[in-house]
Each structure stands twice: as structure tokens, then as C-alpha cells.
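Enquirer: This is the structure, below, for whatever I ask next.
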Amino acid sequence: MKIYKVAIIGLGPSGLAVNKIIYGDSFNEIIAFENEDINSRENYFGFWLTDWMKPYENIIEKKWYEWTIGDKKNNITHFSKNKPYCVISFKKWKDYCLETKNKLKIKKEKVIQYFPIQNYFKIITADKKEYFAEKIYDSRSTKEKKGELIQHFFGINITAADNTFNDNKLTLMHFTEEKNLLHFIYILPFSHNKALVESTVFSKDVLKTSWYREKIYEYLKLKNITGFRESGTEKGVIPMFFADEKNSTNPNIFNIGIRGGACKPSTGYAFSFLIKQIQSLKNSNKNYVNIHKFLERKMDKIFINFLKNNNENGKSFIKLAANLNGNEFQSFMMGQSNFFTKLKIIKSMPKLPFLKELFR
Ligand SMILES: Cc1cc2nc3c(=O)[nH]c(=O)nc-3n(C[C@H](O)[C@H](O)[C@H](O)COP(=O)(O)OP(=O)(O)OC[C@H]3O[C@@H](n4cnc5c(N)ncnc54)[C@H](O)[C@@H]3O)c2cc1C
């Protein structure tokens, strides 16, 4: 009977990060289970360049020092000289994380359950096979929950005519007017003629792909971008609720990624936080780290309840962006804002609805 040092359940960004960051320099034997084809997964992860993300600078696809937040009438531009917005592709992250000294065995199988026996675990897969490992890193997570908000999106990679895009400036949020729905367009201009154009909604239910497509086409038409070629799509659902599983009482079970509480529910940003989580787990003797501070979580909760109970159309986001400079804004998005920025954020929010949510 072979007992692996570690079993990783799920080879999304967090499972991959465990392989690289915690065990990359070891010669341990590791087994990873993934029931999807990760070689066909294609998407970009955006984040602002915080200190803990600097070790990955050479796999960053592109950096933008300017970004905009707006709607039909308003457009706020932010700048940050030191903390640009960056993206890493899943493919680059995967290749980087799989280049290690350890011996990693990947099984394309679904894990059904695992439980401890003596000082190791028995892991059972859907095809009823059994595996054994001393530690478990589990990244399976619930992305949707009845009655809770989710961030759902669909994006198209397009190639348009020369000089269609200003590739120095990213469109972080361009809100459109929808009936009872918060919707915005997100554009990553990779070059003068190539961009990812994404339609994002904050609501309780996922929409048909044709809906997001329609919104993307409407937006492109409005910008006179008509002749373009599609070269790929990405879609997803990110929880806008606290999706973390209860911390395990077994010290050798580690909940990681979104399952371990990495997602910042008010924004859906999770990638750089899950990396911070794995870096922190490496340096900790506990099986859980609190990535989002108490006050940040509290503010997120109030903000999500506000979004759930009010028909927000983007105005609060634009007002917030207008009251903060680029560095303050990115510090808030990355959970690094100081006391004065927090005060500015609170001051930017609609007072009455927020007070209601505070005491709800
Ligand atoms: C398209 C997309 C774009 C995103 N963009 C951004 C972004 O720009 N910035 C940002 O910060 N965040 C972004 N996110 C949010 C977040 O970073 C991702 O959801 C990220 O993938 C979370 O990583 P994870 O490892 O926690 O979970 P996952 O990526 O969900 O990985 C879990 C893995 O476990 C596998 N699995 C599940 N159950 C089993 C089982 N029983 N047995 C074996 N394997 C199993 C799944 O197939 C999956 O591959 C995005 C999400 C998506 C989907």
C-alpha cells in the first residue's frame, strides 16, 4: 500500500499553488485528483501587483497602470505607478506550478470521500479506487447557493482592426443600464487590436450565454467596433457570499482556495488572495489562515447585503471610484486599505441604505 505525502483535491489555481509554493522544492511524492481537463481551461486572472504577487512578475501577461470605471455619463480614470493591474493566464500559472522537483502524480478522477485511518487518510474516487496520503489539501467549493448573490460572466477574446484599442488603459467596469440588474463590461486590451471583452452580472441566477453575448455585441457596436474575429471565450461563476468551509479539526486537512475563504465576496477577486493563503499556510503550523481581516469581512458583508436589497446600477461603484485615487482604490480591492481610506470608502456609500444594513 502506497502512502503519498500529500493528496491535492482539485488542480485549479489553489491546488496548483500548493504543489509549487509548499512542495515545489521538496522531493515528496504527491498525488493530485482533478475531474476536469485542466489543459483545456483558458482564462485570465486579474489582480493589482501587491508585494506578495511580485515573485510571479515574469509570468504576468500584461500590466496596466491606468484603469477606468464609469457608465454612459461618467468615466473615472485611476493611475497607479507602483501597483498596476496585472493578469496571469491559467495556462501560464499551470505550467509554472507544475515545474517542480517533487514527484507529482495526476489522476483524472473525481474524489467522492476521504477519511482518516491511523495517521493517514483513505481517499475514495468515483470509480471506487482507494488511495492513501498523510495530508489532504482540498479545493472543492460551492460556487452557487440558493438566495445568495453570485458574480457570473462570459467573455470573448477578439481581434479587431488595427488601433481599435488603447492598450495602456483597462476598462475595469463600464456599467450599462439594465432593468433590476447590475451589469458591466470589462475590457482587457492586450494590444492595439486584441482584447478580452467580458459581460459581468451581479445577481442570484446565471443567465443564458446568449444574453452576455448580446451585451458584448451592443457595447462593441456602440464603440463602432464591428469587424472583429473571435478567438476564444471564458465564462465563470464566483460566489458573492462567504463560501469558506468550516475549518477542519483534523490538523492534516487543509481547505484551500475559495473553499478556504480566499474569495473577497464583494468583488469576486480570489486569485491573488489564494496565493497569499498558500504562502501563509507554508509559513504557518496551523491548517487555516484568515486571509481577509475582520474589518474587511465586516465591510464586505454590509456591502453585499446592500447589493442584495437595493437596485444598484453602478452609481455607488462610480462614486467610490471618484472619491479614491488609484492607489487607494487598489488597496481597497486588495484588502490592504488603511484607516483613512476605509473612512473615505464609508463616506462614499449611500448613507441610509448602509446604516440599515449595518444594523440588520
Ligand atoms: C473564468 C474565471 C475568471 C476569473 N477571473 C478572476 C480574476 O480575474 N481575478 C480573480 O481574483 N479571480 C478570478 N476568478 C475567481 C477565482 O480566482 C477562480 O474561481 C479560481 O479558479 C479559484 O481557484 P480554486 O483553486 O479555489 O478553485 P477552482 O478553480 O474551482 O479549482 C477547484 C478544482 O477542483 C476540481 N474538483 C472539484 N470537485 C472535485 C472532485 N470531487 N474531485 C476532483 N476534482 C474536483 C475542479 O474541477 C476544479 O478544477 C475567476 C474565476 C473564473 C471561473
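Conditions (1) under 28 Å from residue 155 (Cα atoms); (2) assigned by TED's automatic domain parsing to the domain that holds residue 199; (3) touching a residue at least 60 places away in the same chain (Cβ under 8 Å), marked per residue:
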| residue | (1), (2), (3) |
| --- | --- |
| 40 | yes, no, no |
| 47 | yes, no, yes |
| 57 | yes, no, no |
| 69 | yes, no, yes |
| 86 | yes, no, no |
| 103 | no, no, yes |
| 109 | no, no, yes |
| 132 | no, no, yes |
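Enquirer: Could you pull out the residue among 118, 113 that is polar (S, T, N, Q), over 17 Å from the mean Cα position of the chain (by Cα), exposed (fewer than 15 other Cβ atoms within 10 Å of the Cβ) and within 13 Å of the ligand (Cβ to nearest atom)?
Expert: The match here is 113.
Enquirer: Same structure, new question: Based on this model, can you work out whether residue 131 counts as in contact with a strand residue (DSSP E or B) (Cβ under 9 Å, 6 or more places away or on another chain), in a helix (DSSP H, G or I) and either small (Gly, Ala, Ser) or under 28 Å from residue 39 (Cα atoms) (or both)?
Expert: Against the criterion (in contact with a strand residue (DSSP E or B) (Cβ under 9 Å, 6 or more places away or on another chain), in a helix (DSSP H, G or I) and either small (Gly, Ala, Ser) or under 28 Å from residue 39 (Cα atoms) (or both)), residue 131 does not qualify.
Enquirer: Continuing with this model, one more query. Would you be able to say whether some residue in segment 203-212 is in contact with a helix residue (DSSP H, G or I) (Cβ under 9 Å, 6 or more places away or on another chain), surrounded by fewer than 20 Cβ atoms within 10 Å (Cβ to Cβ) and not β-branched (Val, Ile, Thr)?
Expert: yes
Enquirer: In segment 227-244, which residues are more than 10 Å from the ligand (Cβ to nearest atom), over 21 Å from residue 148 (Cα atoms) and surrounded by 14 or more Cβ atoms within 10 Å (Cβ to Cβ)?
Expert: The one that is more than 10 Å from the ligand (Cβ to nearest atom), over 21 Å from residue 148 (Cα atoms) and surrounded by 14 or more Cβ atoms within 10 Å (Cβ to Cβ): 228.
Enquirer: Restricting segment 245-264 to residues that are without any contact (Cβ under 8 Å) to a residue 40 or more places away in the chain and surrounded by 22 or more Cβ atoms within 10 Å (Cβ to Cβ), which is nearest to the ligand (Cβ to nearest atom)?
Expert: Per the stated criteria, the residue is 263.
Enquirer: Report the residue count in segment 12-25 for those that are in a loop (DSSP other than H, G, I, E, B) and near the ligand (Cβ under 6 Å from one of its atoms).
Expert: Total satisfying the criteria: 1.
Enquirer: Residues of segment 225-255 being β-branched (Val, Ile, Thr) and in contact with a Leu (Cβ under 8 Å, 6 or more places away or on another chain), which ones?
Expert: 226
Enquirer: For residue 131, only one of the following conditions fails: (1) under 29 Å from residue 330 (Cα atoms); (2) among the hydroxyl-bearing types (Ser, Thr, Tyr); (3) within 13 Å of the ligand (Cβ to nearest atom). What is its number?
Expert: For residue 131, the failing item is (1).
Enquirer: Got a sec? Which strands (runs of 3 or more DSSP E) wholly within segment 26-100 have at least 3 residues that are surrounded by 15 or more Cβ atoms within 10 Å (Cβ to Cβ) and away from the ligand (no atom under 16 Å from the Cβ)?
Expert: 66-70
The values are calculated or read from the model by the stated rules, or taken from the named source; none is laboratory data. Treat the numbers as computed from the prediction; the structure is a model and nothing was measured. Glycine gets a Cβ as well: all are built from the backbone with ideal geometry, and neighbour counts include every protein chain shown.
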